[in-house]
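Remarks on the structure that follows.
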Amino acid sequence: MKNSHFIQQIILTFTDSFREHRTDVSGVLLTNKKYLWLGSDETATLERLSFIEPNKFAEHQQFRVASFLNLPASEDEEIDIEGLAYTDYYLWLVGSHSYKRKKPKPEKTDQKNVSRLAKIESESNRYILGRIPLIDGSLFSSCQHPKNSSLQLTSAQLEITKQGNLLMTALVNDPHLGLFIKAAIPGKDNGFDIEGLAIYQNQIFLGLRGPVLRGWAIVLEIELQNSCPGMMKLVQIGEENKEYKKHFVWLNGLGIRDLCVDGKDLLILAGPTMDLDGPVQIYRWQNGVNSAENTLNYPQLVQEIPYGNRNDHAEGMTLFQDICGVPSLLVVYDSPDETRLIDDRSVTADVFQLS
């Protein structure tokens, strides 16, 4: 790999139950110097791997999200997990919140495939934005806070509505995003699509893969508070007292594939909005957690990420200094190249130095 910032490859080994899904990992998060959490865009489960060798994570454990959160549909229906984050003993996850268009299948006739391209679906599990207590590598529906016995940690999610959830209800009349939502434009057609999740104190940042507006990508900022048991609602924030803030970032026309907090900076994994190859880049948005709403921001390009020909699409990243010893990022790929599939149950991820 011709990249001066590339450090090493890491092997991720799963059980047989996840064999087919190791090629569609879309979210990744390192916690506690030992555990690597992963989400797939094709399942309703969370995966946990353990650090067992300098270049390997294994001992796969699978957790059903439906054991902790109230999925609006059957757990046979994917959540399309796109982002993971951790703060104050909670693991957070977010679904894509996107519509999807059926894709052509090689075994079908052109006539049937053209009909498939006209079919747009909305799946209610994709509108999950929730938190699950995480203590020492285990998930709980509720438990005592390990450092404050008077506090109870509880699983909770943003309230579901007819539009999907309270966030979608709030955005449906937004001047930038509302028309994309009302028109039910699929995520891969530059429609509304959440792919990044980062949390700083009470601020939750959601990075949009789409829509990209005249080359500008969008980060939404929200805050949540408990409403009724197991449920959360949006807090009014910002100058306009709306239930969200908008930040516009210039990523050279790319959309956001993942977000990560580094101090007070936001790291952005950027890639194409549409279903095509590269470029893929990492940006540093300095002091991004303190950015004023409704401003145009120009994050600094810090790293080019290699991409393949219809494969090797970088989908997730997590800070990796605790393992690597130097400022670094672990990057995982959707549709990995065959050379990454080193056996029936493993796939490789890349580590890049972070400047």
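I want to make sure I understand the PRE zone here: with the label point 7 angstrom from the Cα of Gln8 toward its beta carbon, which residues in region 28-66 have backbone N atoms less than 20 Å away? Counting backbone N atoms under 20 Å from the label point, the list is 29-37, 49-60. With both labels modelled 7 Å from their Cα along Cα-to-Cβ, the Cys228 to Asn32 distance reads 3.3 nm. In terms of the Cα gyration tensor, with a ≥ b ≥ c the square roots of its eigenvalues, is region 247-355 rounded because a/c is under 1.5, prolate because a/b exceeds b/c, or oblate? Since a/c reaches 1.5 but b/c is at least a/b, the shape of region 247-355 is classed as oblate.
Given +1 at the Cβ of Lys and Arg, -1 at the Cβ of Asp and Glu and no other charges, the dipole of the chain around its Cα centre is 480 debye to the nearest 20.
The loop-placed trypsin sites (Lys or Arg not before Pro) in region 189-261, going by DSSP, that have at most 11 neighbouring Cβ atoms within 10 Å of their Cβ come out as Arg214. With θ taken as phi - 60° and the Karplus curve 6.51 cos²θ - 1.76 cosθ + 1.60 applied, the whole-hertz 3J(HN,Hα) list for region 319-335 is 4, 10, 4, 4, 8, 7, x, 10, x, 7, 10, 8, 10, 10, 10, 7, 6 Hz, x standing for glycine and proline. Can you tally the lysine pairs in region 1-130 where the Cα-Cα distance is under 18 Å and the two residues are eight or more apart, or on different chains? Lysine pairs satisfying the spacing and distance rule in region 1-130 number 10.
For region 6-353, the relative contact order is 16 percent, taking Cα pairs closer than 8 Å that sit 6 or more residues apart in sequence and dividing their mean separation by the residue count. Full extension of the chain segment joining Asn113 with Trp216 gains 33.8 nm, where the gain is 0.36 nm per residue of separation less the Cα-Cα distance. Going by amide H atoms built from the backbone, whose H comes under 5 Å of the H on Phe320, apart from near neighbours? The answer is Ser328, Leu329, Leu330. Taking all Cα pairs closer than 8 Å and separated by 6 or more residues, the relative contact order of region 276-355 comes to 25 percent. The trypsin sites (Lys or Arg not before Pro) of region 118-147 that DSSP puts in a loop, and whose beta carbon has at most 11 other beta carbons within 10 Å, are Lys119, Lys147. Helical content of the chain, expressed as a calculated mean residue ellipticity at 222 nm, amounts to -1500 deg cm²/dmol (DSSP H runs of 4 or more residues, -39,500 (n - 2.57) each, divided by residue number, nearest 500). Close amide-amide hydrogen proximity is noted between Thr273 and Gly255, each under 5 Å apart and 5 or more residues distant or on a separate chain (H modeled in the peptide plane; Pro and chain starts excluded). Applying the criteria of a DSSP loop state and at most 10 other Cβ atoms within 10 Å to the GluC sites (Glu not before Pro) of region 68-170 yields Glu107. Backbone phi angles across region 84-94, fed through the Karplus curve with coefficients 6.51, -1.76 and 1.60 (θ = phi - 60°), yield HN-Hα couplings of 10, 8, 9, 7, 6, 6, 10, 9, 9, 9, 9 Hz in residue order; Gly and Pro are listed as x.
Please give the Cα centre distance for region 173-211 versus region 45-74, rounded to the nearest Å. With region 173-211 and region 45-74 each reduced to a Cα centre, they are spaced 25 Å.
Close amide H partners of Asp193, meaning residues 5 or more places away or on another chain with modelled amide H under 5 Å apart, are Arg209, Gly210.
Quick note: the coordinates plus some simple rules give every number you see, no bench work behind them. What you see is a predicted model; the values in this text were computed from it and never measured. Please note: Cβ atoms are built from the backbone with ideal geometry, for glycine as well, and neighbour counts cover all protein chains shown.
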